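Asks: Questions regarding the structure given below will be posed in turn.
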Amino acid sequence: QVQLVESGGRLVQAGGSLRLSCAASGRTFSSYVMAWFRQAPGKEREFVAAIGRSGIATNYENSLKGRFTISRDNAKNTAYLQINSLKPEDTAVYFCAADRQSGTKSSEYEYWGRGTQVTVSS
């Protein structure tokens, strides 16, 4: 079992940058694909990015490519999401998720954190 805790969300002005972190418990972090999803008010949870077990393979939602970068440090049991050139429409709760297999649907991930709020002011 994996427990995930996100951090790094805050209020930021449009054009700014943030790095979100997802700290995982357990000694099998490197066995899991890690992903980030986000959910804006009144909208469904949407896929942002995923990263393979070794950190080499990555996958992004097409519309977010270029501004979002997912990474992981298996020695620290932590995954990251770097967001640059933030826009007001990036305002959402950002969740990290883990599973043995990769995917782009929230139903494909077994373990979830509680989320961290990102608010972008115009």
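Asks: Could you grab the pairs with beta carbons closer than 8 Å, sequence gap of 6+ or different chains, first residue in segment 24-48 and farther than 16 Å from Tyr109 by Cβ, second one charged (D, E, K, R) and surrounded by fewer than 15 Cβ atoms within 10 Å (Cβ to Cβ)?
Replies: That search, which allows pairs on different chains as well, returns Ala40/Glu89.
Asks: So, one more: Which number in (1) open to solvent by 20 Å² or more (accessible area, probe 1.4 Å); (2) under 21 Å from Ser122 (Cβ atoms); (3) touching a residue at least 12 places away in the same chain (Cβ under 8 Å) marks the one condition that Gly66 misses?
Replies: Going through the list (1) open to solvent by 20 Å² or more (accessible area, probe 1.4 Å); (2) under 21 Å from Ser122 (Cβ atoms); (3) touching a residue at least 12 places away in the same chain (Cβ under 8 Å), Gly66 breaks only (3).
Asks: A further question on this structure: Among the candidates Gly42, Gly52, Gly15, single out the residue that is over 12 Å from the mean Cα position of the chain (by Cα), of a type outside the set (Asp, Glu) and open to solvent by less than 20 Å² (accessible area, probe 1.4 Å).
Replies: Criteria check complete, one pass: Gly52.
Asks: Which count do you get for residues in segment 94-114 that are farther than 13 Å from Glu46 by Cα and not charged (D, E, K, R)?
Replies: Total satisfying the criteria: 6.
Asks: Would you be able to say whether some residue in segment 5-12 is assigned to a loop (DSSP other than H, G, I, E, B), touching a Gly at 6+ places or on another chain (Cβ under 9 Å) and not aromatic (Phe, Trp, Tyr)? First the steps, then the outcome.
Replies: Here is the first cut: in segment 5-12, the residues assigned to a loop (DSSP other than H, G, I, E, B) are 8-10.
Narrowing the set further to residues that are touching a Gly at 6+ places or on another chain (Cβ under 9 Å) leaves 9.
Keeping just the survivors that are not aromatic (Phe, Trp, Tyr) gives 9.
Yes, the conditions are met somewhere in segment 5-12.
Asks: For Arg10, work out the one condition from (1) surrounded by fewer than 16 Cβ atoms within 10 Å (Cβ to Cβ); (2) among the basic types (Lys, Arg); (3) under 17 Å from Tyr111 (Cβ atoms) it doesn't fulfil.
Replies: Arg10 satisfies every listed condition except (3).
Asks: For segment 69-78, name all the residues that are within 21 Å of Gly16 (Cβ to Cβ) and open to solvent by less than 40 Å² (accessible area, probe 1.4 Å). Give the steps one after another, and end with the answer.
Replies: Taking segment 69-78 first, the residues within 21 Å of Gly16 (Cβ to Cβ) are 69-71.
Within segment 69-78, Ile70 is the sole residue that qualifies.
Asks: Continuing with this model, one more query. Among the residues of segment 82-107, count how many are farther than 20 Å from Val5 by Cβ and either within 15 Å of the chain's Cα centre (by Cα) or open to solvent by less than 60 Å² (accessible area, probe 1.4 Å) (or both).
Replies: Counting residues in segment 82-107 that are farther than 20 Å from Val5 by Cβ and either within 15 Å of the chain's Cα centre (by Cα) or open to solvent by less than 60 Å² (accessible area, probe 1.4 Å) (or both) gives 9.
The values are calculated or read from the model by the stated rules, or taken from the named source; none is laboratory data. Because the structure is a prediction, the values reported are computed rather than measured. Here Cβ is always computed from backbone atoms with ideal geometry, including for glycine, and neighbour counts include all displayed protein chains. Keep in mind that these areas ignore ligands, DNA and RNA; they rest on the heavy atoms of the full protein, side chains included. Shrake-Rupley method; radii C 1.70, N 1.55, O 1.52, S 1.80 Å.
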